[in-house]
Amino acid sequence: HVINPFAASGEEHARATRLTLASIAVARAEAAKHGIRVQPLAAVLPADRGVVANMSASAALAAAGVDGAAEALACCVHVEEAELTGTLAQSLPGARHTLPLLRAILRVGYERGTGHYLVYSNIDIALQRDAYVQLAALLRRQPAVPISSIREEFERIDAGFGLAAAAARRGKGLPHPGHDLWVFPREWVPKLALGEVVLGVSLVAMALNQALLGLSKCRLLQLSRQLTFHAVEGESVVKHKRLQRARSDRLFREKYTAYNCVHTRHQLARLMRDEAFRGCWLAQQVARSLNAYKCPMYITQLPESLQKMWADATAELHGRFPQTDAVQDSTAKAVAGGRVAVR
């Protein structure tokens, strides 16, 4: 199970990381009772070395009151840290944020992991105690079908919220429409058509789902079984999307999203060369999402090399998605004619 912890910039993120580390330790102990071995791995940037060890004591507090709290105290022993290489700052000239490439994180899981399957989840997503047990049961029935688990959201939590409280509220949270945890064969990692998509920006889930379906013959098991959760002190992003930095911060919403748009569309064009993928239900959804995020409007903010990647992929895909082609052509003409301001 590979995660990407990083030094907390505020108490909200620190609390989420504590919950995640504690939950992995407790779920790992529960899995061991069922003969399931889980190897936690932390893919970290050089500046974040030691972040897991620094969180160990507070992670134990988050696990207080549940069976397995002792394991949470020693979570730093169970989670192996490994440096990742590959960031937005290296891939996008002038980028101010050191956001990791998704493929770099997965590569750590591939190279340092020893399990048959790889679990990847966001660092602010915690597990319920039976998560690994439930996932393993599903994989036994359909070993070649990747899994995407959708979380539930607990809002307005208090300072003492921990795993015991999350277990008590299980099934009573808000259903989140996004994807935050995936499971798939570890050997797939080098074959995933991901390009250089970065974390912390829109379209990450769409890009990973697209890559997985490209290898699974268009099969994906989507779960909403409350195996994972996210907890916030205030209002949830489920109700208020503007609370997400990916939507509220203009740089993230425009230029950085455009960057992910380019790599997602480029990989879509690559996958569409395979006749087996052309009829996949997700292909149309990806094409729609690229328009929904207004990608054509913001591509001009990127370097010429990335603009060319977008143009080449667009030309290759022309005619594949008639409805989205019409929307994109209209937007492109509006931008060129100055009717849409792109700053």
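From the list 144, 126, 159, 205, exactly one residue is over 24 Å from residue 284 (Cα atoms) and in contact (Cβ under 8 Å) with a residue 24 or more places away in the chain. Which is it?
Matching residue, one of 144, 126, 159, 205: 126.
Between residues in the stretch 98-123 that are in the same structural domain as residue 146 (by TED's automatic domain parsing) and part of a strand (DSSP E or B) and residues that are at pLDDT 95 or above and acidic (Asp, Glu), which pairs lie under 6 Å by C-beta distance while being six or more apart or on different chains?
Once the first residue is in the same structural domain as residue 146 (by TED's automatic domain parsing) and part of a strand (DSSP E or B) and sits in the stretch 98-123, its partners that are at pLDDT 95 or above and acidic (Asp, Glu) give 101/196.
Just name the residue that is nearest to residue 35 (Cα to Cα) out of those in the stretch 132-165 that are among the basic types (Lys, Arg) and over 18 Å from the mean Cα position of the chain (by Cα).
140
Might you check whether a residue that is within 18 Å of residue 1 (Cα to Cα) and of a type outside the set (A, V, I, L, M) occurs anywhere in the stretch 157-178?
No: zero hits.
If I go through the stretch 161-186 residue by residue, how many of them are more than 19 Å from residue 23 (Cα to Cα), touching a helix residue (DSSP H, G or I) at 6+ places or on another chain (Cβ under 8 Å) and not basic (Lys, Arg)?
2
Give all pairs with beta carbons closer than 7 Å in which a residue from the stretch 265-277 that is in the same structural domain as residue 321 (by TED's automatic domain parsing) meets a residue that is of a type in the set (Asp, Glu); count only pairs at least 6 apart in sequence or on separate chains.
269/316
Out of the residues in the stretch 33-60 that are outside any loop (DSSP other than H, G, I, E, B), at pLDDT 95 or above and small (Gly, Ala, Ser), which is nearest to residue 78 (Cα to Cα)?
Restricting to residues being outside any loop (DSSP other than H, G, I, E, B), at pLDDT 95 or above and small (Gly, Ala, Ser), the top hit is 42.
Would you tally the residues in the stretch 223-233 being at pLDDT 90 or above and either surrounded by fewer than 19 Cβ atoms within 10 Å (Cβ to Cβ) or closer than 19 Å to residue 141 by Cβ (or both)?
1
Looking at the stretch 269-328, which of its residues are touching a Phe, Trp or Tyr at 6+ places or on another chain (Cβ under 7 Å) and within 18 Å of residue 209 (Cβ to Cβ)?
271, 283, 284, 287, listed by residue number.
How many of the residues in the stretch 124-138 are at pLDDT 95 or above, outside any strand (DSSP E or B) and of a type in the set (A, V, I, L, M, F, W, C)?
6
Given the criterion touching a His at 6+ places or on another chain (Cβ under 6 Å) and either at pLDDT below 95 or not charged (D, E, K, R) (or both), identify the matching residue among 145, 238.
Criteria check complete, one pass: 238.
Where residues in the stretch 18-57 are farther than 17 Å from residue 227 by Cα and of a type in the set (S, T, N, Q), which of them is surrounded by the most Cβ atoms within 10 Å (Cβ to Cβ)?
If we take residues in the stretch 18-57 being farther than 17 Å from residue 227 by Cα and of a type in the set (S, T, N, Q), then 56 is surrounded by the most Cβ atoms within 10 Å (Cβ to Cβ).
The values are calculated or read from the model by the stated rules, or taken from the named source; none is laboratory data. No experiment lies behind these values; they were computed from the predicted model shown. Every residue, glycine as well, gets a Cβ built from its backbone with ideal geometry; the counts of neighbours run over all protein chains shown.
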